[in-house]
Amino acid sequence: MIVTTIDPVTGNKVTDLEHHPFIVEGSGVAATKIYFESEETRRQYLESHEAYPDVFISSFGNDHEDPGNDSRH
């Protein structure tokens, strides 16, 4: 899995990964975990991709749940 800690909306680096929302796009070795500074920037990112239905988002995470079933708190 590829992990990016640069919020794609703000361009800022996310350093406290345990307390920030994320999404996972794709699957397998090409899956990409993208961290966000806030739920707001995560929402903006997802809404911007609604216009592009070919973008596949396989699972979602936030600071309450982890797609890997790990506790986020």
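The values are calculated or read from the model by the stated rules, or taken from the named source; none is laboratory data. Everything numeric in this text was worked out from a predicted model, so none of it was measured. Note: ideal-geometry Cβ built from the backbone for every residue, glycine included; neighbour counts use all protein chains shown.
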## Note on the structure
Selection over segment 7-53 where residues are in contact (Cβ under 8 Å) with a residue 12 or more places away in the chain and part of a strand (DSSP E or B) yields a count of 8
### Task
Report yes if some residue within segment 43-61 is buried (at least 17 other Cβ atoms within 10 Å of the Cβ) and modelled with pLDDT under 90; otherwise report no.
yes
### Query
For E25, are the conditions met, namely being closer than 16 Å to V3 by Cβ, touching a strand residue (DSSP E or B) at 6+ places or on another chain (Cβ under 7 Å) and either modelled with pLDDT of 90 or more or surrounded by 15 or more Cβ atoms within 10 Å (Cβ to Cβ) (or both)?
yes
### Query
(1) in contact with a Lys or Arg (Cβ under 7 Å, 6 or more places away or on another chain); (2) modelled with pLDDT of 95 or more: which one isn't true of D7, the others all being true?
(1)
### Number of positions in segment 32-51 that are over 15 Å from G11 (Cα atoms) and among the hydrophobic types (A, V, I, L, M, F, W, C)
2
